[in-house]
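Below: the structure, in C-alpha cells.
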C-alpha cells in the first residue's frame, strides 16, 4: 500500500503514528509532495481598535504578526479589545506561540459562520487570510448585515505537480491542494483521505469516490483514520 501525502510532513512521525512499516498485514510506504506554496504579503499594519479577528490558517497567524499587527487582549480596555476567532486546533496552537489566546475555536469556516450569526452579530470582523481563501464567511456574514472584511496577508500558489508513480491512497489538507493536484492527476481507484469538511466539499465536486474525512480536523485524527481504513 503506497500512500501519497499532498504536504511535506515529518516522515518518522507519520510512520510512527501509522504503526511501523506493516499495518494489518499490509506493507505500507508513504511519500510526500508539495502541491501548493505560500508567500507572505507585505501589508502595512493599522490599528485594530475594537475589531474581532478571524484566523482560518496557521499561515494567516504567522503573516499577521510578521506584518507587525498586535491584538489587544486587555479586558479593561473594551473600546480597543480584540476577540480572536480561529478555525482549526493548529491555528489556535500557532496563536499560543505568540502568547495570545482564543475566544472561539471552530472546526471549519461553516461552523464559525453559524456561531457568529447566532452570537456575535454586532461585532466588526477582520479576517486575516490568504488571497484565495474560501468565500464561506464572505458569502454568509454580509447577508446577516454583519461587518466583515478580508485582509489578505499571504498568497497561495498552486504548483500543479504531475505524479507518474502509482498510489493506492492519497491524503489532502486543503481545497487549494485538491485543485492543484487534480489538474494533471486522476483520483480514480484511490482511497481518499481529507483533513476536514471544507476540503471534502472540494473533492466531492471532482470524484464519486468515498472520501474518509477527519471529524476533528487534525493531523493526528487523520493519521488514525488512515491506520484503521487501510
Which label marks the calculated value of mean projected area of the Cα convex hull in nm², given the options (1) 14.1; (2) 13.2; (3) 11.8?
-> (2)
Working out 0.36 nm times the residue gap between residue 117 and residue 215, then minus their Cα-Cα distance, what length gain in nm do you get to one decimal?
-> 33.0 nm
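Within a 10 angstrom radius of the beta carbon, how do 192, 228 rank from fewest other beta carbons to most?
With the fewest neighbours first, 192, 228 line up as 228, 192.
Fewest Cβ neighbours within 10 Å first, please rank 153, 28, 178 accordingly.
28, 153, 178
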Determine the relative contact order of the chain: mean sequence separation of Cα pairs under 8 Å and six or more apart, normalised by residue count, in whole percent.
-> 23
Return a whole-number percent for the relative contact order of region 39-157, with Cα pairs under 8 Å and 6 or more residues apart as the contact set.
-> 31
Residue order, fewest to most surrounding Cβ atoms within 10 angstrom, among 36, 136 = 136, 36
Distance (nanometres) between label positions extended 7 Å along Cα→Cβ at residue 9 and residue 135 = 3.2
Express as a percent, rounded to the nearest 5, the fraction of DSSP beta bridges in the chain (both residues included) that run antiparallel.
-> 20
In whole angstrom, the spacing between the Cα centers of region 155-198 and region 38-66 equals 27
Give me the angle, in degrees from 0 to 90, between the Cα long axis of helix 219-229 and the longest principal axis of the Cα atoms of the chain, rounded to the nearest 10.
-> 30
Let a ≥ b ≥ c be the square roots of the eigenvalues of the Cα gyration tensor of region 39-157; is it rounded (a/c under 1.5), or, if not, prolate (a/b larger than b/c) or oblate?
-> rounded
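Throughout, read-outs are computed from the coordinates displayed, never taken from laboratory work. Note that the structure is a prediction, hence the values are computed from the model and not measured. All Cβ positions, glycine included, derive from the backbone under ideal geometry; neighbour counts span all protein chains shown.
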